[in-house]
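Here is the structure we will look at.
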Amino acid sequence: MENQNYNQLLLSNQLCFPLYVCSKEIVKRYKPFLDEVDLTYTQYITMMALWEKNEMNVKDLGKKLFLDSGTLTPVLKTLESKGVLTRERSKADERNLIVRVTEQGTALRDKCA
């Protein structure tokens, strides 16, 4: 790229690109360990957040993980189908969905540790 106006578009001038590559490499290093416990990286960080408190409002969980509901909802559904968490509406406010770690989820924490 010879034109000076396009220098900002060089990958070597982008801080975001090495961070992106680094992130992918870190997740790739986790994969063999996560395969042993049948979790993806996103499922793993979700469970780690839940293990801290045992139950959370989905909105708070999304904020903690920097995940929007479109990403988080399928992750939670999959984890629920694996039996490691439950999802239910709050009795105090049905607009809130509460996620709780199950006994199987606690056993998974022990296995991950």
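The values are calculated or read from the model by the stated rules, or taken from the named source; none is laboratory data. Remember, it's a predicted structure, so these values are computed and weren't measured experimentally. As a convention, Cβ positions derive from the backbone with ideal geometry for all residues, glycine included, and neighbour counts pool all protein chains shown. Protein only, heavy atoms only, side chains kept; ligands, DNA and RNA dropped before computing areas. Shrake-Rupley method; radii C 1.70, N 1.55, O 1.52, S 1.80 Å.
For the set Lys24/Lys59; Lys24/Lys53; Lys31/Lys111; Lys31/Lys82, the pairs lying more than 24 angstrom apart at their alpha carbons are Lys24/Lys59; Lys24/Lys53. Each Lys and Arg adds +1 at its Cβ and each Asp and Glu adds -1 at its Cβ; summed about the Cα centre, the chain shows a dipole of about 160 debye. Heavy-atom accessible area, probed at 1.4 angstrom with all protein chains present, ranks Cys22, Cys112 as Cys22, Cys112, highest first.
Sites listed here are chymotrypsin sites (Phe, Trp or Tyr not before Pro) in region 24-89 whose DSSP assignment is loop and whose Cβ has at most 16 other Cβ atoms within 10 Å: Phe66.
Applying the criteria of a DSSP loop state and at most 16 other Cβ atoms within 10 Å to the GluC sites (Glu not before Pro) of region 8-94 yields Glu94. Of the accessible area of region 72-113, computed with a 1.4 Å probe over protein heavy atoms only, carbon and sulfur atoms account for 47 percent.
Measuring nothing but how far apart in sequence close Cα pairs (under 8 Å, 6+ apart) lie, relative to its length, region 1-107 scores a relative contact order of 20 percent. Angle check, please: helix 16-36 long axis (alpha carbons) against the longest principal axis of the chain (alpha carbons), in degrees 0 to 90, nearest 10. That works out to roughly 40 degrees.
Compared with the dominant principal axis of the Cα atoms in the chain, helix 103-112 is inclined by about 40°.
Between the alpha-carbon centres of region 78-95 and region 32-54 there is a gap of 17 Å. With protein chains left intact and a 1.4 Å probe, residues in the chain average 72 Å² of accessible area per residue. Legend: translational diffusion of region 2-107 by Stokes-Einstein, Rh = Kirkwood radius over C-alpha pairs, 20 °C, 1.002 mPa s; D = 135 µm²/s. Computed from Cα positions, the angle between helix 69-81 and the longest principal axis of the chain comes to roughly 40 degrees.
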